[in-house]
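What follows is a set of notes on a single structure, which appears directly below.
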Amino acid sequence: MSSINQLLLEAKSVTKYFGTITALENVNLKIHAGECLGVVGDNGAGKSTLMKVLSGLYKPSAGSLFFDGKEKILESPKDSQNLGLEMVYQDLALAGNLPIGENIFLGREPTKNLGLLKFLDYKKIKELTDAHLGKLKINVKSADQKVEELSGGQRQAVAIARSTAFNAKVVIMDEPTAALAIKEVGKVLDLINSLKQTGVGVIVISHRMDDIFAVCDRVMALFQGTNFAESELSKTSRDEVIGWIMGKK
Amino acid sequence: MENKDQEKNSLYLKIMPYLEKYGILLLLVIMIVVMHFLQPDVFLSWRNVTNVFKQISWQSMLALGVFMVIVTAGIDLSVGSIMMLSLMILAIVAKAGAPWYIVVITPLIAGFLCGLFNGLGITLLRMPHPFIMTLGTLYIFRGTGNLISGGTPISGFTDEVRYLGHGRIDLTWLGLEKSQYLPVSLVLIAIVYIIFWIFMNKTRTGKWIYAIGGNPNAARASGINVNKILVIVYSLCGFLSGIGALILAGRTDSGYPNAGLQSELDAIAACIIGGASFFGGRGTVLGVFAGVMIMGILRNGLNLMDVSSFWQQVLIGSIIVLAVYIDVLRRDLGTRK
């Protein structure tokens, strides 16, 4: 990252309890435009919980979120979507029984309204899907193919296409390459790099050092629900980051 | 060898979507042809065909409601009881001398409210599965129906109230005989099924119902208010059971305590035979209609041939198991591993 870009999202002192368990304690996070932040940590370190707080799926027990410098309280994922934050879940959060296009627009389908009734605009869904998949250079047989008929890599591509279909500012990806065949990993990483170039802030949660060092500009480590370490990628090494994951500095 | 497998696979992929969509209609047509050859004089006669439609009229409403619930990967065991309670309320309101347009609306409202009760119970009380909530209301609604009526039949409604279940559309102006009439209930089935076909396939809410059945987490993550959609689905299911009550009132001219006993199982059976998957997200309105018709024709045909009703039970049960086995195979083959 050569210049100092606009701060898109900031989490300050986020704390989350589940009953008596403390999943996150005073965690801070910042993401700028065109930047990729890698978030690492062992299982149970709080990565997924933090992302679910950012996307509005969980409400933080304490702490605050700032979008474009303004404090916002998220009631549901819909609120974070409206603020330009999109999430690509590890389990992909796609409905296998629906076609690609309907998955990309699920929850935000273009409609033709007739009084209270909202009819789906299938033609527009198809047009927008073809255009968007084309823009991201994602190849599928047809936008009408059901998602359950796709390979793991194609599903990941659909999930990323879904996250970027509405001019997202920040995209969070949870283990984007974990379920992929090796030859498909490169394509997804290319997709992340091209998102960065369009000014999107990308947060990547990953266990794979190869991924982190291929696309990220900055890396932060969570350990037992707290900020453990953070660094520009150029100022650290794989061994050091792996040490952070284990709780060693 | 691999090539052959691929060829087989691509042929399979081409045929499968059609088979999945229209296979059940094929089965229906085969049944009709077979019945026609077994009973050439009677089966396709005007009288018998209209009879089949009259017999399936109220079941088809329950099945349609349960179908929407099954698409969300839920279940509604209470539809028979909702229908009975709605019918009893209708009978009491009718006996109290309310004008016909009030009497006609009562079961629809009662059914809707029962469904709303189910939906709110499932979502607000966070029941582990809709099975439990609706098993509870299966007893609650029927018990309430018996409480308000004293457990005795209430008979005698006006012609207006009985119109949907009992009315006849005269076709003599088409040059047909007086006996060749169109039952109003048949027209009602057609209208309701077309409306719900449009609802499930063309509207956003319908799409969300399928999405919830396909992957509730995906639906939630997409910002869909899953609980609200579920409440709508269970309420509509109740509403359709209310329509069923209105039709039954017309057909039997009576509110009686055993109305709709075990008909929730018939409704579920029709959905399953019609290709709706218990895993959720799969099934069509057309399929449910075919499922209802297959059960109706099976009963009618076996009656015509004087086969004991015990055999009917065995046959319907066998068809259910077979239909679900086909669903399992379809799922195994249709999904990439």
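The values are calculated or read from the model by the stated rules, or taken from the named source; none is laboratory data. Note that this is a predicted model, so its numbers are computed, not measured. Using ideal geometry, Cβ is built from the backbone for each residue, glycine included, and neighbour counts are taken over all protein chains shown.
Yes or no, residue by residue, for (1) out of contact with any His (no Cβ under 9 Å at 6 or more places or on another chain); (2) of a type in the set (S, T, N, Q); (3) at pLDDT 95 or above:
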| residue | (1), (2), (3) |
| --- | --- |
| B:C237 | yes, no, yes |
| B:G275 | yes, no, no |
| B:F278 | yes, no, no |
| B:T284 | yes, yes, no |
| B:L298 | yes, no, no |
| B:L302 | yes, no, no |
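So is A:S61 out of contact with any helix residue (DSSP H, G or I) (no Cβ under 9 Å at 6 or more places or on another chain), among the small types (G, A, S) and under 16 Å from A:M173 (Cβ atoms) or not?
Working: out of contact with any helix residue (DSSP H, G or I) (no Cβ under 9 Å at 6 or more places or on another chain): yes; among the small types (G, A, S): yes; under 16 Å from A:M173 (Cβ atoms): no.
So A:S61 fails the test.
Here is a yes/no grid of residues against (1) closer than 21 Å to B:W208 by Cβ; (2) in contact with a strand residue (DSSP E or B) (Cβ under 9 Å, 6 or more places away or on another chain):
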| site | (1), (2) |
| --- | --- |
| A:V88 | yes, yes |
| A:E102 | yes, yes |
| A:L106 | yes, no |
| A:V140 | no, no |
| A:E149 | no, no |
| A:A165 | yes, yes |
| A:V185 | no, no |
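Quick one: which residue in B:I132, B:I148 is part of a helix (DSSP H, G or I), surrounded by fewer than 16 Cβ atoms within 10 Å (Cβ to Cβ) and touching a residue at least 12 places away in the same chain (Cβ under 8 Å)?
None of the other options fit; the residue is B:I148.
For region B:211-241, give me each residue that is surrounded by fewer than 22 Cβ atoms within 10 Å (Cβ to Cβ), at the interface with chain A (Cβ under 8 Å from one of its Cβ atoms) and assigned to a helix (DSSP H, G or I).
B:N217, B:R220
Got a number for residues in region B:244-267 being closer than 11 Å to B:V79 by Cβ, assigned to a helix (DSSP H, G or I) and touching a Phe, Trp or Tyr at 6+ places or on another chain (Cβ under 9 Å)?
The total comes to 4.
Looking at (1) touching an Asp or Glu at 6+ places or on another chain (Cβ under 8 Å); (2) of a type in the set (A, V, I, L, M); (3) touching a residue at least 40 places away in the same chain (Cβ under 8 Å), can you tell me which one A:L120 breaks?
That leaves (3) as the condition not met.
Looking at B:G115, B:G119 in this structure, which one is small (G, A, S), farther than 18 Å from B:G260 by Cβ and in a helix (DSSP H, G or I)?
Exactly one residue qualifies, and that residue is B:G119.
Given A:L37, A:L50, which one is under 17 Å from A:L222 (Cβ atoms), touching a strand residue (DSSP E or B) at 6+ places or on another chain (Cβ under 9 Å), modelled with pLDDT under 95 and not in a loop (DSSP other than H, G, I, E, B)?
Criteria check complete, one pass: A:L50.
Name the residues in region A:4-41 that are surrounded by fewer than 22 Cβ atoms within 10 Å (Cβ to Cβ) and among the β-branched types (V, I, T), would you?
Correct list: A:I4, A:T15, A:T20, A:I21, A:T22.
Which condition does A:W244 not pass, out of (1) crowded, with 18+ Cβ neighbours inside 10 Å; (2) under 18 Å from A:L29 (Cα atoms); (3) within 21 Å of the chain's Cα centre (by Cα), if it passes all the others?
(3)
Pull out all pairs, ordered by first then second residue, where Cβ-Cβ is under 8 Å, the residues are six or more apart or on different chains, the first lies in region B:210-236 and is under 20 Å from A:D79 (Cβ atoms), and the second is part of a helix (DSSP H, G or I) and aromatic (F, W, Y).
From residues that are under 20 Å from A:D79 (Cβ atoms), the pairs are B:A219/B:W208; B:I224/B:W208; B:I229/B:W208.
Look at region A:54-64 and say how many of its residues are aliphatic (A, V, I, L, M) and more than 14 Å from chain B (Cβ to nearest Cβ).
1
Which residues, taken from region B:52-95, are of a type outside the set (A, V, I, L, M, F, W, C), in contact with an Asp or Glu (Cβ under 8 Å, 6 or more places away or on another chain) and within 30 Å of B:H36 (Cα to Cα)?
The answer is B:Q59, and nothing else.
When you go through (1) part of a loop (DSSP other than H, G, I, E, B); (2) facing another protein chain (nearest Cβ under 9 Å) one by one for B:Q180, which number turns out not to apply?
So B:Q180 meets the others, but not (2).
Enumerate the strands (runs of 3 or more DSSP E) found wholly within region A:65-114, keeping only those where 1 or more residues are more than 7 Å from every other protein chain (Cβ to nearest Cβ), charged (D, E, K, R) and touching a residue at least 60 places away in the same chain (Cβ under 8 Å).
Answer list for region A:65-114: A:85-88.
Got a number for residues in region B:158-183 being within 20 Å of B:A91 (Cβ to Cβ) and not acidic (D, E)?
So the answer is 8.
Among the residues of region A:42-52, how many are buried (at least 19 other Cβ atoms within 10 Å of the Cβ) and more than 14 Å from every other protein chain (Cβ to nearest Cβ)? Quick ask: steps written out before the conclusion?
Here is the first cut: in region A:42-52, the residues buried (at least 19 other Cβ atoms within 10 Å of the Cβ) are A:45-52.
Keeping just the survivors that are more than 14 Å from every other protein chain (Cβ to nearest Cβ) gives A:45-47, A:49-50.
So the answer is 5.
Name every residue in region B:91-144 that is basic (K, R) and within 20 Å of the chain's Cα centre (by Cα), in order of residue number.
B:R142
Which members of region B:47-69 meet the condition of being farther than 17 Å from B:L248 by Cβ, crowded, with 19+ Cβ neighbours inside 10 Å and β-branched (V, I, T)?
B:V69
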